[in-house]
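**Q** Below you'll find the structure I mean.
The values are calculated or read from the model by the stated rules, or taken from the named source; none is laboratory data. On a predicted model such as this, the values are computed, not experimentally measured, just so you know. Cβ atoms come from the backbone with ideal geometry, glycine included; neighbour counts cover every protein chain shown. Surface areas here come from the heavy atoms of the whole protein model, side chains and all, with no ligands, DNA or RNA. Shrake-Rupley method; radii C 1.70, N 1.55, O 1.52, S 1.80 Å.
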Amino acid sequence: MSNHLLSIVLFTPLAGMLILLLIPAAQKNLIRIWANVAAFAGFLVSLPLWVHFDRGNGGFQMVERGDWIPALGVKYNIGIDGVSLLLVLLTTLTGFIAILSSWNAVDRHEKSYYAMFLLQQTGMIGVFVALDFFLFYVFWEVVLIPMYFIIGVWGGPRKLYAAIKFFMYTLAGSVLMLLGILTLYFEHFNQFNFYTFEISELLKLNLPLGIQQWVFWAFFIGFAIKVPMFPFHTWLPDAHVEAPTAGSVILASVLLKMGTYGFIRFSLPLLPNASIDPWIVQTMAVLSIVAIIYGALVSLMQEDWKKLVAYSSVSHLGFCTLGIFSLNPNGIAGSVLQQINHGISTGMLFLIVGVVYERRHTRLIRDYGGLAHVMPNFAFIFAFAMLSSAGLPLLNGFIGEFTILQGAFEASRTWAAFAVTGVVLGAAYLLWVYQRTMLGQITNAKNRLLPDLSLREWAVFLPFMAWALWIGIYPKPYFDVLEKPVAQLVERVRPGYFEAQAARAQAALIDSGKETTLR
Amino acid sequence: MVDTLSFYIFALMALGGGVMTITRRNAVHSALWLIVSLLGAAGLFLLRGAEFLFAAQIVLYIGGVVLLILYVVMLVNLDETARARQFNKQWWIALACVAVVGAEIAFVMKRGLGALALPGVAAVAPTGEGNTERVADVLFSEYMLPFEIASLLLLVAVVGAVVMAKKRV
Amino acid sequence: MHPVTNVHYMVLSVALLLVGTIGVLTRRNIVIILMSIELILNAVNINLVAFSHHFGDVHGQVFAIFVIAVAAAETTVALGILIALFRNKETVLADEVDLLKW
Amino acid sequence: MSEFYTATDHYVVVPAIMLALFGCAVLLFDFWMFPQARHRKYLLLVLIGGEIFTGVHLWRQGNFLSAQGLSELVAFRGSLVLDGFSLFFNWIFVAATIIVAIASYRYLEIEGEHHGEYYGLILVAQSGMFFLAAGTDLITLFIGVELMALCFYVMVGFLRGQKRSNEAAIKYLLLGAFSSGLMVYGFSLLYGLSGSTKLSVIGQAVAAREPWDPMLFLAIATISVGLLFKVSAAPFHMWAPDAYEGAPTTVTAYLAVGSKAASFAFLMRMYLGPLSEGRPTWEPLLIGAAVLSMTIGNIAAVTQSNVKRLLAYSSISHAGYILLGLVAGNQTGIKGMAVYILVYAFMTMGAFIVVVALRRKELIGEDIDDMAGLIHKSPGYAVLMLIFLLSLAGIPPTAGFIGKYYIFLALLETGHYVLAAVAALYVAVAIYYYFRIVRSMFVSEAAETPPLATTVGVRVALAVTGVLTLVMGVYPEPFLRLAQSSLTR
C-alpha cells in the first residue's frame, strides 16, 4: 500500500474521471456528488504523504520506478521531495475546493466539466511527482488540454480567444523546452552511452557552459511562459478573466506553479553553471523585479476586479522567481512557501470574485460598493484573503515574502529594495479595491438584496483560511520539510556555499569572541 | 558527314517542331507540329541504331498517342479556345526555369565539356543479332518485371478511360 | 563539321526539356499542356537512346519503350478525364478550371 | 520455373501478384456476376480477401527473412528486393487499404458511384505501392510510381458527374505527369552516368563523380522535383489542396496516406541509396523544401474553411517534418521518418474518415461549420476527431508526438538547432488551425443536421485508427521495435 502511495495519489482523480464517464449525462446531481467525492478522495489519499514524509532526507522519497518505453529509455519514475510534497498537497486541496465551488456556477455540460477537472488533477500531480523528464513532459502537456476546454467551453464572452491564446503560448514554450530536454538526453547518451530521461541520471551530466546556457534558455521560455514571467505574461490576464471561477482558481493556484517548480527542479540542478552565470542571474532578477512592480502598478489601475487579481498574480510570482534566483536557502525556501501562499490567497481572491459574480454577473469594481453592509461574512473573508495576500504578519503571505526578501537581501540589496516597493504597492491596490467594493455606502440598488455566504461557500473558504493561519502562525513544519532539499539544491548550484557561510559565521563568532575578551 | 548532316536536320525537326507545338494558337496545328517533332526524334533514334524504337515511335507514339490527342481535340469544340488568351500568368516561373538551365549551361562552359563525359565502357563484342532481337532479349530477361507491370498499367489506363468517359448510370 | 557526339544529343535533349517545361508552365490549353509533356518525354527518350548507343547495350532503349508505354497510358487517362470535364463544363483552359483555387 | 522467373522471384513478388489478381477479380466480378446493388458487399469481401492473402504472404516473408537470418532477398536480377524496409511499408499499405475500403462503402452509395472499379483501382494502386517500396531498379520504380499515380488520377476524378472532382483529377494529372516527366529525365541522366538502371550500380557511379558535377546536379534536381511533388512538399504542393478537396473523401484519405507513404518509401530508397553520395547537392534542396513545406502548410491552413483542404495543408506540413528526418540523415532521423510515416498514416486516415462520416445524402459536410456541436450529436466521433487532431499537432500522449520526438532529436543530434527550433515553433501554429475544428466541434452550438452516415465499416475503421493513435502514443514500444527491426539492414 504505502510503497504505491504516490501512484494512488496520482491516479485517484483519473479513476474518478473514468467512473464519472459512466454516469449518464442527465443525472446532474449524481455527477456533481461523484465529482466532489472523487476530488475529496484525491485530497484524502494525499494526506498520508505529509505523515509518512521523512523530513531528514533531502533526496527523493516514495520513489516508484518501472520501465515504460525501453526503446527510448523512458521510465515510469515518480517520487517526491519537500518541494513537490507541498505542491502536491496544494494541488489536491485546491482541486477539491475548485470542484466544490463549481456546484452552482456550472449549469451546462456538467459531466464534461467535471471530467476535465479530474483529468487535469492527475496531470498536475503528475507534473509535480515525475522524476523522468519524458513523463514530466507528457503530464505537462496533458494539463493544457483540459484547461483549454475549461476556458473555451465554460468561460466568459471572449473565451475562445483566451483559450487558444493560452494554449498557443504555453505550447510554444513547451516545445522549445522539449528541445532542451532532448539536448540533455542526447548529451547524456554521448557521455554515458545509454539513453535515459531520468533526472537522477541526467544530474550526472557534465556539460560545457555553452550548452548549459542554450538549454537554460530553452527551459526558460517553457517555464517563464508558464509562470508567467514579465515579457511572456500577456496570456495570463485573458485566460484568468475569461475562465470560469474554478478554472481561474486552478490556473492561479496550481498551473502557474508548474513554471516555478520547473526552475527549481530542472533548471537549477541540471544546469548549475548556467544558473549562476552572472548575466543570466541578473536577467532573471531584473525580469522578476519588473514583474513585481509592473504587475502591481497594472493591478492598481484595473476596472475589472478579476483582472486585478490576475495581474496581482504576475506580481506575486515575480517574488517567487526572485527568490529562486537569489540562489540561497532563504530565497528558495521562501519562494516555495510563497508559491503555496499565493495558491491559497489568490485562490481565495478568485473564489471571492466568483461569489459576487455568481450573484451579479458583473466583475466591474464600480458596480459594487458597500457590500459589507449586506454581506458581512463575505466582507470578513475578503478582508482575510486580502490581508493574507498583502502579507500581513501572522498570516501566510508575510512569512513567504519576508523569507524571500531575506534571501534577496543576501544576494543583493538593490533587489531587495525594489522588491519592497512591490510589497507596498501590493498593499495599496488590495486595500483600495477593498475600499471600493466593500466599504462606503451602497451605490447600486441591485446590491441591496444580495444574500450572504451559503454554507457551501463557507465550506469552500474555510480550508484555505485554516491553512493560511497555520502557515502564518506556525510555519516551522514547512521549513522543516523544505530545509534538506533546498540545502541540497543550493549546494549543487553553489558548491561550498554552506562551508563559506559556516566559516563566515565562525569568523563572526571569533570576532565577537575577540571583542568580549578584549573587553 | 551524312550522319552529321542528318543529325542536324532531325534535331532541327525535333526542336523546331517542339517550339511550334507550344506556340500555336490552334490545338490541331500544335498536334501536327508535335508529329514533326516526334518524327525528328524518331530519326535520331535511327541514327543511334535503335531501329525498334524508331518503329515504336512512329507506330505507337505518332500513330497512337497523337492521333488520340487529335481525336479529342476534334471531339471537344475548340473554336472558342483558339480565340481566348493563350498564355497564363506563370511566365515568370518559366523564366526561372530558363535561368536555371542557363546557369547550368554557363557552368558547363566554365568547366569545359569534359564535365559531361560519360563513364567509359568495356568494348562489347558484337553479338551479330539485330537491334530488335537484342531489345527483346533484354526486355524479357532483365526487364521482365517492369514489362509485366506495364501490362497492368495499360489495363488501368483502359479501365480509367472507360470509367471517366462513360455516362452516369 | 564536328562529328556528332553524346554532348550534341544531351544539349538537344536539354533544349527539348526546356521547351516542354515552358509549354507546361505557360500554356492555358490543357491539350497543349499534354503535348508539352510529350515533348519532355521525348527529350528523355533522346537521352536514353544516345546513352544506350554510348554503352553499346540496349538497356536505354528498353527504358525508352517503357517511357512510351507510360506516355500512352497517361494520355489515355488524361483524355478520359478531359472528356468528363468537358461534359460538365465546356472549357479546356487550365486556368478556367477554377472551382478549386489554382 | 524458367531462368527468367525463378522461385525466388516468385516468392518475392507474390504480394503484388495477389493484389493485381484480386484487383482484376473485383473488376470481373463486378462486370459479370454482381450487377445488382445487393451484391455490392461481396466486392468488398473480395478486396478484404485479397488483403488477407497479401498480409499472410507478407507475414510469411518476414518470418522467412528472420528464420534464414537474411537481411534482404534480391529478385528479378536486382530489380526487386525483399527486406525489412519493404515489409514495413507494405504493412502500412495493407492497413491503409483495408481501413479505407471498409470506410468507403456507404460513401460510395451516397455518391451513387460504382463499387467495382473503385475497389479494383484501390487494389491495383496498392500493387503499384508495393513496387515503390520494394523496387531497386529505375524502370521498376518508374513503372510502379506511374501505376500508382494513374490509379489515383482516375480515383480522384471518380465522381465524374461533379466538376470539382473533374477539375481535381485533371490538375493532379497534368502536374503529376509533368513532374514524373522531369523525374524520368533525371533517371535517364542517371542511366547515362552509370550505364545501368540498377540502384546499386548507380550508387557507385554517383560516388565516382565529383561534387557539383553538372550532369549529376541536373539529375538530382529533376529527380528531387519529381519526388517532392509525389510527397506533396512545397514548392511542389500546389496539386495537393485541390486534389484532396475535389476527390471523394475516401480517396483523399487513401491519397494522403497510401500514396504519401509509398512516395516516401520511394524517396528514401533514392536518397539513401543511389543518391546518398550526392548529399551535398540535395541536402540544401531538402532543407529548403522542408522549411517551405512547414511554412506554407501551416500558414495556409490557418485560413481554410474546408476541412479537407485544411488537412491537405496540414499534410503538406507533415511532409516537411518527415523530410527533416532525411536532412538529419542519421540513424535516429531515418528511424524517425519510418515512425512518423507510421503514425501519420493512422492519424490522418482517422481524421479523414470522420469527414467521410459527415457526408450525408443532403449535406456535403466538409466545412468546418458542418462540424458544429458534434460533441452533442455524436460524442464518440468528436472525441476521436479530437484525438486525431491532437496527434496531428503532436501533443503527447498521442502518437503524433512520438513522430515529432524522433525528428527533433535527430535534428539536435546532427546540430541543426535552428531547424529544430523552427520545426518546434510551427507546432504552436498548427495547434491554432487544428483547434478551429475542435472549437467548432466542442464549443459552437449544434445546427439541425441529419445524423452521421455511419456503418459498421466506418465505426471499425475509426475504432482501429483511434485506438492505434492512442496506443502508439501511450505505449509505443512495440511499434518502435517494429520500425527498428525493419530498418536495421
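**Q** Just the Cα atoms of chain A: what Rg and Dmax do they give in Å?
**A** 22.8, 85
**Q** Could you tell me the relative contact order of chain A? Use alpha-carbon pairs under 8 Å, at least six residues apart, and round to a whole percent.
**A** Normalised by residue count, the contact order of chain A is 14 percent.
**Q** Quote the relative contact order of chain D in percent (integer), defining contacts as alpha-carbon pairs under 8 Å separated by 6+ residues.
**A** 15 percent
**Q** Rank A:LEU182, A:TRP415, B:ILE58 by how far each Cα sits towards the positive end of the charge dipole of the protein assembly as shown (+1 on Lys, Arg Cβ; -1 on Asp, Glu Cβ) and give me just the farthest.
**A** It is A:TRP415, whose Cα lies furthest towards the positive end.
**Q** Something else: If you count, for each residue, the other Cβ atoms within 10 Å and average over each peptide, how do D:405-412, D:275-282, B:152-159 line up from highest to lowest?
**A** Highest-to-lowest ranking by the protection proxy: D:405-412, B:152-159, D:275-282.
**Q** Another question about this same structure. Ignoring ligands, DNA and RNA, what percent of the accessible area of the protein assembly as shown is carbon or sulfur (1.4 Å)?
**A** Of the solvent-accessible surface of the protein assembly as shown, carbon and sulfur hold 67 percent.
**Q** Still on this structure: Taking the Cα centroid of the range D:150-227 and of the range A:120-178, what is the distance between the two, rounded to the nearest whole Å?
**A** Using only Cα atoms, the two centres lie 44 Å from each other.
**Q** Moving on to the next point. With N set to the residue count of the range A:294-519, report its C-alpha Rg divided by 2.2 N^0.38 Å to two decimal places.
**A** Relative to the 2.2 N^0.38 Å estimate, the range A:294-519 comes out at 1.22.
**Q** Given the -39500 (n - 2.57) contribution per DSSP H run of 4+ residues, what per-residue ellipticity at 222 nm results for chain D, rounded to the nearest 500 deg cm²/dmol?
**A** -25500 deg cm²/dmol
**Q** Might you report the magnitude of the Cβ-based charge dipole of the protein assembly as shown about its Cα centre, with Lys and Arg at +1 and Asp and Glu at -1, to the nearest 20 debye?
**A** 2640 debye
**Q** If a helix is a whole DSSP H run, which ones in chain C reach 18 Å or further along their own axis (Cα) and hold a mean Kyte-Doolittle hydropathy of at least 1.6?
**A** Correct list, ordered by number: C:6-26, C:30-55.
**Q** Considering only Cα-Cα distances, which of the following residue pairs are longer than 20 Å: D:LYS163/D:LYS361; A:LYS111/A:LYS307; A:LYS111/A:LYS257?
**A** A:LYS111/A:LYS307; A:LYS111/A:LYS257
**Q** At 1.4 Å probe radius, can you tell me the per residue accessible area of the range A:40-149 in Å²?
**A** The answer is 25 Å² per residue.
**Q** Using Cα pairs closer than 8 Å and at least 6 residues apart in sequence, work out the relative contact order for the range A:272-361, in percent.
**A** 25 percent
**Q** I'm checking a number: the convex hull volume of the Cα atoms of the range D:150-201, normalised per residue, in Å³. What is it?
**A** 62 Å³
**Q** Counting helices only, and only those DSSP H runs with n ≥ 4, report the 222 nm mean residue ellipticity of chain A as the sum of -39,500 (n - 2.57) divided by its residues, in deg cm²/dmol to the nearest 500.
**A** Helices in chain A give a 222 nm mean residue ellipticity of -24500 deg cm²/dmol.
**Q** In whole Å, how far is the Cα centre of the range A:411-441 from that of the range D:388-437?
**A** Cα centres, the range A:411-441 to the range D:388-437: 42 Å.
**Q** May I ask you to give the solvent-accessible area per residue for the range B:1-82, in square angstrom, as obtained with a 1.4 angstrom probe?
**A** 45 Å²
**Q** With a 1.4 Å probe, how much accessible area is buried between chains B and C, both sides summed, in Å² to the nearest hundred?
**A** It comes to approximately 6700 Å² buried between B and C.
**Q** Just the projected area, averaged over all directions, of the convex hull on the alpha carbon atoms of the range D:189-261: how many nm²?
**A** So the mean shadow area of the Cα hull is 6.0 nm².
**Q** What whole number of Å gives the distance from the Cα centroid of the range D:305-347 to the Cα centroid of the range A:266-301?
**A** 38 Å
**Q** Taking amide H atoms as placed 1.01 Å from N in the peptide plane, list the residues 5 or more away in sequence, or in a different chain, whose amide H sits under 5 Å from that of A:VAL74.
**A** Answer set, sorted by chain and number: A:TRP68, A:ILE69.
**Q** Quick one: 3J(HN,Hα) in Hz for the range A:422-436, Karplus 6.51/-1.76/1.60 with θ = phi - 60°, rounded, Gly and Pro as x.
**A** Karplus values, whole Hz, x for Gly and Pro: x, 4, 5, 4, x, 4, 5, 5, 5, 5, 5, 5, 5, 4, 5.
**Q** Please state the shape class of the range D:116-197: rounded when a/c is under 1.5, otherwise prolate if a/b exceeds b/c and oblate if not, all from the C-alpha gyration tensor.
**A** Oblate.
**Q** Residues of B:9-20, mean number of Cβ from any other protein chain within 10 Å of their own Cβ, rounded to a whole number?
**A** The per-residue average across the peptide is 5.
**Q** What's the total accessible area buried between chains A and D, using a 1.4 Å probe, rounded to the nearest 100 Å²?
**A** 3100 Å²
**Q** Starting from the Kirkwood Rh over alpha-carbon pairs, what translational D in µm² s⁻¹ does the range C:6-96 have by Stokes-Einstein at 4 °C and 1.567 mPa s?
**A** 90 µm²/s
**Q** Indicate the gyration tensor shape class of the range B:1-82 (rounded, prolate or oblate), computed on the Cα atoms with a ≥ b ≥ c the square roots of the eigenvalues: a/c under 1.5 is rounded; otherwise a/b larger than b/c is prolate and the rest oblate.
**A** oblate
**Q** Next question. Quick one: buried accessible area between B and D, total over both chains, 1.4 angstrom probe, nearest 100 Å²?
**A** In total, chains B and D hide about 3200 Å² from solvent.
**Q** Please calculate how many Å² of accessible area chain D carries per residue, with a 1.4 Å probe and no DNA, RNA or ligand atoms counted.
**A** Accessible area per residue: 27 Å².
**Q** So what is the calculated 222 nm ellipticity per residue for chain C, using -39500 (n - 2.57) for each DSSP H run with n of 4 or more, over all residues, to the nearest 500 deg cm²/dmol?
**A** -27000 deg cm²/dmol
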